[in-house]
1. Please go through segment 3-24 and give me each residue that is within 13 Å of residue 41 (Cβ to Cβ) and either part of a loop (DSSP other than H, G, I, E, B) or touching a Phe, Trp or Tyr at 6+ places or on another chain (Cβ under 6 Å) (or both), ordered by number.
2. Within segment 23-56, work out how many residues are among the small types (Gly, Ala, Ser) and in contact with a His (Cβ under 7 Å, 6 or more places away or on another chain).
3. Could you list, in sequence order, all residues of segment 60-85 that are closer than 23 Å to residue 48 by Cβ and assigned to a loop (DSSP other than H, G, I, E, B)?
4. Report the residue count in segment 9-55 for those that are under 18 Å from residue 73 (Cα atoms) and in contact with a helix residue (DSSP H, G or I) (Cβ under 7 Å, 6 or more places away or on another chain).
5. Taking segment 29-51 as the region of interest, how many residues are surrounded by 11 or more Cβ atoms within 10 Å (Cβ to Cβ) and part of a strand (DSSP E or B)?
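Readers should treat all values here as calculations from the given coordinates under stated rules, not as data from a laboratory. Because the structure is a prediction, the values reported are computed rather than measured. Here the Cβ positions follow ideal geometry from the backbone for every residue, glycine too, while neighbour counts run over all protein chains shown.
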Amino acid sequence: MIRVTPAAIRKLKTLLVEHPEDPIIRLSVKDLDDNQIGFRIMLEDSTQPDDEVQHIDGLTIAVEGQSVSRMDGITLDYQKPGGFKFHHPEPQEEFKLDLFNLN
């Protein structure tokens with residue numbers, strides 16, 4: 001599941017007013033190379049069968065089926081200047097097991 005900040009919601013709603021023929025916000029992620037990934041935001045007229053659909057504050061957001069696991073926990077934000085930003089969740093601390101020898 002993704003999160004969307006209030007700033008991103010406002011901007012997405014503005015875009016939908018400008019493009020009422022495409023009411024679905026579709027998000028996807030793909031590898032650009034071994035070290036980079038790219039996120040896409042598209043306005044479309046309908047969802048696809050494999051999309052994961054979320055309804056957030058009046059928006060219909062569809063995450064491309066192949067991107068669902070990679071988008072889990074991502075936050076979509078909008079900043080002026082700079083535009084839309086995708087933020088990864090903070091990495092979880094790894095579980096550490098300290099072993100010591102009592103002999």
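1. 8, 11, 19, 22 - these are the residues of segment 3-24 that are within 13 Å of residue 41 (Cβ to Cβ) and either part of a loop (DSSP other than H, G, I, E, B) or touching a Phe, Trp or Tyr at 6+ places or on another chain (Cβ under 6 Å) (or both).
2. Here is the first cut: in segment 23-56, the residues among the small types (Gly, Ala, Ser) are 28, 38, 46.
From the residues that got through so far, the ones that are in contact with a His (Cβ under 7 Å, 6 or more places away or on another chain) too are none.
The total comes to 0.
3. Within segment 60-85, 64, 72, 73, 74 qualify.
4. Total meeting the criteria: 6.
5. Taking segment 29-51 and keeping what is surrounded by 11 or more Cβ atoms within 10 Å (Cβ to Cβ), we get 29-30, 37-44, 46-48, 50-51.
Right, trim to part of a strand (DSSP E or B) and you get 29-30, 37-44.
The qualifying residues number 10.
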